[in-house]
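Shown next, in structure tokens, is the structure this report addresses.
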Amino acid sequence: MTVRVQRDDFDPGAEVDRLTKGKTSIGAVTSFVGFVRGDASAGEAMTLEHYPGMTERQLLAIEAEARTRWPIDDVMVIHRFGRLLPGDRIVLVAVASSHRAAAFSACEFLIDWLKTRAPFWKLEDGADGPHWVDAKDDDDERADRWTTGSR
Amino acid sequence: MKILYFAWLRSRIGTGEEDVSPPSDVDTVGKLIDWLKSRSPAHAEALSKASVIRAAVNQDYAGLDHAVSSSDEVAFFPPVTGGSA
């Protein structure tokens, strides 16, 4: 398990290689890479704030929850903070498992839960100055479906 | 007791961290919010909308009934908006 919260960019290919290196039990790796989307309505850039300590703690808890649900060999979560521009990578979730079904499901679960549990907040630049982005109900709904079993 | 504020709560209150010594009957998150509101008009305004505030005690999510004590780190923040897309 690797959890990193960092200001710097990351190389998804190199990180996946690091996850699988030397492990012959792995049959599948799925990865999710999230980017800053440059919407017409959004500002040019944003600043991502987080709660150091709690962020790592919550990411480890989310990973532990995933391990109770699927047979997982290893997990990597990297989340950036600080100033980010449209097109920048924000987050990497990669899951290694012996089979693809668990890798796909666990990866989707991890990003859905991360969005509602990991303590990050977006401050977007805007024409009228910076503003804090409100949480989205559909993010809660995406996370909730893992608890209600209503997929 | 160490209190932390994040995102717009920090902006509105004007500080991200403060050490406080509430009276001993302030023993839950909910009572702590009410007590903090009395510290300044900015605290009262920022902490007025309970429905859009989340709390953590010692870096785990906590409800209004969760116990707090003088050695705890208690954080208040809006619902989280990490990840992407």
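No lab work stands behind these numbers, since they all come straight from the coordinates. Computed from a predicted model, the values in this text were never measured in an experiment. Every residue, glycine among them, receives a Cβ derived from its backbone with ideal geometry; neighbour counts consider all protein chains shown.
Given a Förster radius of 35 Å and the C-beta distance between residue A:64 and residue A:14 as r, what FRET efficiency does 1/(1 + (r/R0)^6) yield to the nearest 0.05?
Efficiency for this residue pair is about 0.85.
Could you list B:81, A:30 in order of exposure, starting from the residue whose Cβ has the fewest other Cβ atoms within 10 Å?
A:30, B:81
Suppose we keep just the alpha-carbon trace of segment B:2-77; what are its Rg and Dmax in angstrom?
Rg, Dmax (Cα atoms, Å): 11.0, 29.
Name the residue farthest towards the positive end of the dipole of the protein assembly as shown from the options A:135, A:81, B:29, assuming +1 on Cβ of Lys and Arg, -1 on Cβ of Asp and Glu, about the Cα centre.
About the Cα centre, the residue reaching furthest to the positive side is A:81.
When we measure straight from the Cα of residue B:49, which lysines land under 25 angstrom away, once same-chain ones fewer than 8 places off are left out?
In chain and number order, the partners are A:115, A:122, A:136, B:2, B:31, B:37.
When only C-alpha pairs under 8 Å and at least 6 residues apart count, what is the relative contact order of chain B, in percent?
This gives 39 percent for chain B.
Would you calculate a helix-derived [θ] at 222 nm for the protein assembly as shown, using -39,500 (n - 2.57) for each DSSP H run of n ≥ 4 and dividing by the full residue count, to the nearest 500?
Rounded to the nearest 500, it is -9500 deg cm²/dmol.
To the nearest 20 debye, what charge dipole does segment B:1-74 have about its Cα centre, counting +1 at the Cβ of each Lys and Arg and -1 at the Cβ of each Asp and Glu?
360 debye
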